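The next block holds one structure in the form of structure tokens; read it before the comments.
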Amino acid sequence: MSAPLLQADAPEIAYREGELHVEAVVVSRIAAAVGTPVYIYSAGAIERQYRRFAAAFADRPARLCYSVKANSNLSIIATLGRLGAGADVVSEGEFRRALAAGIPGDRIVFSGVGKTETELAFALEHDVYQVNVESRGELELLSAVARRLKRVAPVAIRVNPDVDARTHHKIATGKKENKFGIDLAHAPDIFAEAATLPGIALKGVAVHIGSQLTAMGPFEIAFRRVVELFRGLVARGLPLQRLDFGGGIGIRYRDETPPSLDDYAVLIRHLTEQLLDGLEVELAFEPGRFIVGNAGVLATRVLYVKEGVTRRFVVVDAAMNDLLRPALYDAWHEIVPTKPHGRAEPPVKQSIVGPVCETGDAFALDRALPPLAPGELLAILSAGAYGAVMSSSYNTRPPAAEVLVRGGDFAVVRERPSYEALLGLDRMAPWLAGR
Ligand SMILES: *Cc1c(COP(=O)(O)O)cnc(C)c1O
């Protein structure tokens, strides 16, 4: 196939016979059956990305813990769990999702800067593989909780290597002014303390400098600092065996050129061989976006075309409550009609906006697209990561349903909530009720 890919890394999402398909299912069929807006994911694309990642480290002891926050649908987690993936979770809720999807606690890494005592206890009771600790306070609390439960907590300490990830500032996590990790200067003290705490089994060093990294340089600087720290700590007699490199490999939304998986694997091989000669180390990775980002689209229907004074607005039935990335990060998503216009209409600049009462509720401004018409079905591409998981019911809009496609089959893997469910958690204050 020589046609250019609609989305990088996802040949499953392509035009065939004049219509957009996800694997063997035509998008318009799903839209008709399930309604719009609807997220549609390709199981095949997700599995291939996972297998590619696993293959890059197949000759080394390495654990792949899928970062559940990128897309926490149970069917997505289960799809990866069946391939052997572990999970990286950042809350008890995500921990419960991973367990419910069949990933046992001993394949789960618990990350995050603000784990509560209850959450730490839950993780220990479910035989968590590793808690990535982010502060002295957390370390001491975890030790106490473990003692109370008569357990020992397997711990990696997340360090902050003070590296600019050169990504959007809201998803950069590895500069010293960010809230994440323990800075390198204080790290040796905390590791030494961890080694003495009775409830802690010190296992390793963890790092994660941000998401959607499109350059290798920041990884290289950060990983070198972390591996050097690891070596220094081992030289001081600390029993470290695990190196967790986090996630963060970017994907192509538009024209980015993220580091290739091969280059990434070579970098890690070089650093670990060069600096740790002979040391037995188990590697861990926490990819999220790389696995699912380009494996999904958000299908939405055009409601109105409205000529503004300076712009043509195409109002669609998806909104920022369904896909927040454009409003939150000024993110760019490719948008295509699911049925390309046969006619050779010249593209015109149109702004694709949602119904929410905020000017920020726009998926694209002044985007050159074939002239769109009411009723037309569009696909917002590269929406598999940080899409559905960030949805809300803002404006009391039921968030989009989710569908997983496998070959010629599709299944609704998350229903659009009913209005009863949306309103059902509210309670009338007693002094307002019964009138
Ligand atoms: C968000 C996150 C990840 C995953 O990041 P991606 O950019 O989706 O790969 C991995 N580890 C930690 C600690 C995270 O917070």
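The values are calculated or read from the model by the stated rules, or taken from the named source; none is laboratory data. The shown structure was predicted, so the numbers you read here are calculated from the model rather than taken from an experiment. Reconstructed Cβ throughout: ideal geometry from the backbone, glycine too, with neighbour counts over all protein chains shown. Heads up: the accessible areas ignore ligands, DNA and RNA and are worked out on the full protein's heavy atoms, side chains in. Shrake-Rupley method; radii C 1.70, N 1.55, O 1.52, S 1.80 Å.
Apply the Karplus parameterisation 6.51 cos²θ - 1.76 cosθ + 1.60, with θ equal to phi minus 60°, to every residue of the stretch 236-247 and state each ³J(HN,Hα) to the nearest whole Hz, in sequence, with x for glycine and proline.
Calculated HN-Hα couplings, in order: 8, x, 7, x, 8, 10, 10, 10, 10, 8, x, x Hz.
Kindly sort 280, 47 by accessible area of their heavy atoms, largest first, with the probe set to 1.4 Å.
Values: 280 150, 47 25 Å².
Putting 280, 47 in descending order of accessible area: 280, 47.
Compute the Rg to Rh ratio over the stretch 279-435 from the alpha carbon atoms, using the Kirkwood formula for Rh, and round to two decimal places. Please list the in-between numbers first.
Values: Rg = 19.2 Å, Rh = 17.8 Å.
So for the stretch 279-435, dividing Rg by the Kirkwood Rh gives 1.08.
Run the reach check for residue 339 against lysines, Cα to Cα strictly under 19 Å, same-chain hits fewer than 8 apart removed. What comes back?
Straight-distance partners of residue 339: 349.
Probe radius 1.4 Å, ligands and nucleic acids left out: which of 341, 270, 169 has the largest accessible area, and how do the rest follow? Could you put the intermediate results ahead of the total?
Working: 341 35, 270 110, 169 135 Å².
Correct descending sequence by accessible area is 169, 270, 341.
Roughly how many whole Å is it from the C-alpha centroid of the stretch 233-286 to that of the stretch 124-196?
Using only Cα atoms to place each centre, the spacing works out to 18 Å.
Residue 228 to residue 19: FRET efficiency via 1/(1 + (r/R0)^6), r the Cβ-Cβ distance, R0 45 Å, to the nearest 0.05? Numbers along the way, then the final one.
On the way: r = 53 Å, r/R0 = 1.19.
So the FRET efficiency works out to roughly 0.25.
Would you mind computing the Rg to Rh ratio of the stretch 121-195 from its alpha-carbon coordinates, Kirkwood style for Rh?
Values: Rg = 14.1 Å, Rh = 13.4 Å.
That ratio is 1.05, to two decimals.
Give, as a single signed number, the net charge of other residues whose beta carbon lies under 14 Å from the beta carbon of residue 404, with Lys and Arg counted +1 and Asp and Glu -1.
Net charge around residue 404: -3.
Specify the residue with the greatest mean-square fluctuation among 86, 246, 342, computed from a Gaussian network of the chain linking alpha-carbon atoms under 10 Å apart.
342
Roughly what % of Cα-Cα distances in the stretch 16-58 sit above 18 Å, to the whole percent?
On the way: 392 of 903 pairs.
Tail of the P(r) past 18 Å holds 43 percent of the pairs.
Express the carbon and sulfur contribution to the solvent-accessible surface of the stretch 111-287 as a percent, rounded to the nearest whole number, probe 1.4 angstrom.
Working: 3580 of 7390 Å².
Whole-percent figure for carbon plus sulfur exposure: 49.
Provide the descending list of Cα extents for the stretch 44-100 along its principal axes, expressed in whole angstroms.
33, 24, 17
When you take every Cα atom in the stretch 41-190, what is the radius of gyration, and what is Dmax, the widest Cα pair distance, in Å?
Taking only Cα atoms of the stretch 41-190, I get Rg and Dmax of 16.2, 46 Å.
Per the Kirkwood formula on distinct C-alpha pairs, the Rh of the chain is how many angstrom? Please report the intermediate quantities before stating the final value.
Numbers: mean 1/r = 0.0434 Å⁻¹.
By the Kirkwood definition, the hydrodynamic radius is 23.0 Å.
Can you tell me which of 244, 330, 88 moves the most in a GNM of the chain? Springs connect C-alpha atoms under 10 Å apart.
330
Cα convex hull of the stretch 111-287: how many Å³ per residue?
Values: hull volume 20.0 nm³, N = 177.
Hull volume normalised by residue count: 113 Å³.
Which residues in the stretch 261-296 have a backbone N closer than 17 Å to a point placed 7 Å from the Cα of residue 54 along the Cα-to-Cβ line?
What the label zone holds, given the 17 Å backbone N cut-off, is 283-288, 290-292.
Which order do 67, 392 take by accessible area at a 1.4 Å probe, largest first?
Numbers: 67 5, 392 50 Å².
The ordering from most to least exposed comes out as 392, 67.
Which residues does a label at residue 332 reach in the stretch 293-315, if reach means a backbone N under 18 Å from a point 7 Å past the Cα toward the Cβ?
Residues 294 qualify, since their backbone N sits under 18 Å from the label point.
Find the lysine pairs in the stretch 111-287 meeting two conditions, Cα atoms under 28 Å apart and a separation of 8 or more places or different chains, and report how many there are.
11
I'd like the Kirkwood hydrodynamic radius of the stretch 78-128, using the inverse of the mean 1/r over distinct C-alpha pairs, in Å. Working shown, then result.
Numbers: mean 1/r = 0.0934 Å⁻¹.
When all Cα pairs of the stretch 78-128 are included, the Kirkwood radius is 10.7 Å.
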